[in-house]
Amino acid sequence: MKIIILKNKKIDDYKSWPIWECGISKFDWEYTQEEHCYIIKGEVTVEVVENTVTISPGDYVIFPKGLQCSWDVHKPIKKYYTFK
């Protein structure tokens, strides 16, 4: 399972999605649903077996259902998100 990051993705409806924020921290996470999110601010490194990615403002990110990962939030993160 891989995390997908799309740069410069044009989306119009993300501002109606809920907002999630997190301060500088490290934690493990498992996705029980596919999550789509748009990063507003901050920086985080997310590590999985298949790849490690750094996510920053302007990134559109897709986390697949069943993904187990570790988050390392370097700068407080703020994102719009939805489950599909």
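The values are calculated or read from the model by the stated rules, or taken from the named source; none is laboratory data. This one's a predicted model, so the numbers in the text were calculated from it and none came from an experiment. Neighbour counts are summed over all protein chains in view; Cβ atoms, including those assigned to glycine, are modelled from backbone coordinates with ideal geometry. Protein only, heavy atoms only, side chains kept; ligands, DNA and RNA dropped before computing areas. Shrake-Rupley method; radii C 1.70, N 1.55, O 1.52, S 1.80 Å.
Is it the case, given these coordinates, that residue 65 is loosely packed, with under 14 Cβ neighbours inside 10 Å, at pLDDT below 95 and either within 16 Å of residue 24 (Cβ to Cβ) or over 12 Å from the mean Cα position of the chain (by Cα) (or both)?
Details: loosely packed, with under 14 Cβ neighbours inside 10 Å: yes; at pLDDT below 95: no; either within 16 Å of residue 24 (Cβ to Cβ) or over 12 Å from the mean Cα position of the chain (by Cα) (or both): yes.
No; evaluated as a whole, the condition is false for this residue.
Checking residue 73 against (1) among the β-branched types (Val, Ile, Thr); (2) part of a strand (DSSP E or B); (3) open to solvent by 30 Å² or more (accessible area, probe 1.4 Å): exactly one of these is not met. Which one? Single failed check for residue 73: (3).
What about residue 60, is it touching a residue at least 40 places away in the same chain (Cβ under 8 Å) and in contact with a helix residue (DSSP H, G or I) (Cβ under 6 Å, 6 or more places away or on another chain)?
Working: touching a residue at least 40 places away in the same chain (Cβ under 8 Å): yes; in contact with a helix residue (DSSP H, G or I) (Cβ under 6 Å, 6 or more places away or on another chain): no.
Answer is no for this residue.
All conditions in (1) in a helix (DSSP H, G or I); (2) basic (Lys, Arg); (3) open to solvent by less than 30 Å² (accessible area, probe 1.4 Å) hold for residue 15, with the sole exception of (3). Just one of the listed residues (43, 50) is over 13 Å from residue 81 (Cα atoms), surrounded by fewer than 19 Cβ atoms within 10 Å (Cβ to Cβ) and under 11 Å from the mean Cα position of the chain (by Cα), namely 43. One residue stands out among those in segment 18-40 that are under 9 Å from residue 76 (Cα atoms) and within 13 Å of the chain's Cα centre (by Cα): the one that is most open to solvent (accessible area, probe 1.4 Å), which is 21. The condition of being aliphatic (A, V, I, L, M) and not in a strand (DSSP E or B) holds for only one of 49, 44, that being 49.
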